[in-house]
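This report refers to the structure that appears directly beneath it.
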Amino acid sequence: MFTGIVEELGEVVRLTGGSEDSAVIAVRGPLVTSDAKDGDSISVNGVCLTVIDNVDGVFTADVMGETLRRSSLGVLRTGSNVNLERAATVGSRLGGHLVQGHVDGVGKVVGREPADQWEVVTFSLPAELAKYVVEKGSITVDGVSLTVMAVTADTFSVGMIPATSKHTVLGSKDIGEPVNLEVDVIAKYVEKMLGSRNV
């Protein structure tokens, strides 16, 4: 479980395999690896990965074919920057919202509008996820917990403060680039519970 508060910008130092079945990714992240042990979880652009090795500030993780198909990790290359967050601990501050690191779909950056103290960024929204996204609700974009400012049938917009632009990969994403999306898991549970009622 994560909170969507990025701790560090990491760098992909190696990506091997990359077939439809699996890949192995190695990421440099001195902060998130400082106390990482084999078996620990680290969020990479919003995808929960399991550490299988940690040497000199670089951790390695296996990426299954299902993850490659349902996320944007397959487009990463050596030198790509990635958002990193260690799993939350009991008693830690919940600065964002409850994030599982289970990507629900992939959107794209479709607009960027600079404002005085922030930037409005608009992303495409897959049709199957639209029902879970509401104005003032939470959504995770590439592992970053954000508040939805506006939503349409196929897009949503967020206000990005300078700190988010500077300290996450979202600040450098160009129009058309893919992003991993995770909707609020509470909305999915509510849907399932209400759907099972005979009303």
Any residue in the range 80-107 that's more than 23 Å from Phe59 (Cα to Cα) and in contact (Cβ under 8 Å) with a residue 24 or more places away in the chain: show its pairings with residues that are part of a loop (DSSP other than H, G, I, E, B) and aromatic (Phe, Trp, Tyr) at Cβ separation under 9 Å, as long as the two are six or more apart or on different chains.
none
Is at least one residue of the range 111-130 open to solvent by less than 10 Å² (accessible area, probe 1.4 Å), within 18 Å of Asp174 (Cβ to Cβ), in contact with a helix residue (DSSP H, G or I) (Cβ under 8 Å, 6 or more places away or on another chain) and not acidic (Asp, Glu)?
yes
Given (1) in contact (Cβ under 8 Å) with a residue 60 or more places away in the chain; (2) under 13 Å from the mean Cα position of the chain (by Cα); (3) open to solvent by less than 80 Å² (accessible area, probe 1.4 Å), where does Ser41 come up short, assuming only one miss?
(2)
Among residues of the range 27-48 being among the β-branched types (Val, Ile, Thr) and in a strand (DSSP E or B), the residue farthest from Gln100 (Cα to Cα) is Val27
Considering the range 150-162 alone, what residues qualify as being closer than 24 Å to Gly74 by Cβ and open to solvent by 30 Å² or more (accessible area, probe 1.4 Å)?
Asp154, Thr155
Matching residues in the range 55-86 (modelled with pLDDT of 95 or more, open to solvent by 30 Å² or more (accessible area, probe 1.4 Å) and under 14 Å from the mean Cα position of the chain (by Cα)) number 2
Unique residue being under 21 Å from Leu181 (Cβ atoms), out of contact with any helix residue (DSSP H, G or I) (no Cβ under 7 Å at 6 or more places or on another chain) and not in a loop (DSSP other than H, G, I, E, B) when the list is Val24, Val12, Val51:
Val12
Test for Thr147: is it within 15 Å of the chain's Cα centre (by Cα), modelled with pLDDT of 95 or more and open to solvent by 30 Å² or more (accessible area, probe 1.4 Å)
yes
Going by what's in this entry, would Glu177 be described as closer than 25 Å to Val27 by Cβ and acidic (Asp, Glu)?
yes
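The values are calculated or read from the model by the stated rules, or taken from the named source; none is laboratory data. Predicted model only: the values in this text are computed from it and were never measured. Note: ideal-geometry Cβ built from the backbone for every residue, glycine included; neighbour counts use all protein chains shown. For accessibility, only protein heavy atoms count, side chains too; no ligands or nucleic acids. Shrake-Rupley method; radii C 1.70, N 1.55, O 1.52, S 1.80 Å.
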